[in-house]
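Data block below; observations after.
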Amino acid sequence: MEPIRWGRFAVYHYDAGDLDDEPDMEFPFVPGSRFRAANTGIDEPGLQLNLEDFHKGPDIPWTLAHDETHHVISGVCEVEYHLPPLMLESGKVVVKAGDTYFMPRGCRVVWRVLSDEPFRHLCFCVPNPGYPIPVVRSMRGKG
């Protein structure tokens, strides 16, 4: 049996410019999609907290292998979801700044960015899926 991996206490102060210098990337299997992401410095066994921008363009489908919560900072996005185990329960919602939504493990989701500005959100991944995301500029070398 593997021993418990303990996390550290971590504080992050959001800097609005943290994503400005991060490169745009393409989602796997979604040619022409654009997003950028940076880890907030909270990258512990139980939680990876990333700051992300999704850009208007092709729909972005994804299936979650972990629980994920998004807190929307700016932009507008339609989120279509299909819930496990059989994906029979589904729906669509439009989220905007100030909204927070939860997607359980196994959820199939499609993001459709509606605003011209990026859909910026904090992405809370539980447990840490190990996404290879660089640490934000304002937190590099801290911790």
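Throughout, read-outs are computed from the coordinates displayed, never taken from laboratory work. This one's a predicted model, so the numbers in the text were calculated from it and none came from an experiment. Every residue, glycine among them, receives a Cβ derived from its backbone with ideal geometry; neighbour counts consider all protein chains shown.
Data overview
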read-out: Selected from D43, D21, D67 as most flexible by GNM, with the chain as the system and alpha-carbon contacts under 10 Å; value: D21
read-out: Rg to Rh, two decimals, where the stretch 35-139 supplies the alpha carbon set and Rh follows Kirkwood; value: 0.96
read-out: Hypothetical label at F102: residues of the stretch 122-137 whose amide nitrogen lies under 20 Å (7 Å Cα-Cβ projection); value: 122-129
read-out: Cα-centred dipole magnitude for the stretch 35-139, charges only on beta-carbon of K, R (+1) and D, E (-1), debye, nearest 20; value: 100 debye
read-out: Amide H within-cut-off set for E44, under 5 Å, with H built and near neighbours excluded; value: L49
read-out: Cα-projected label distance for R5 with E89, points at 7 Å along beta-carbon direction, nm; value: 3.0 nm
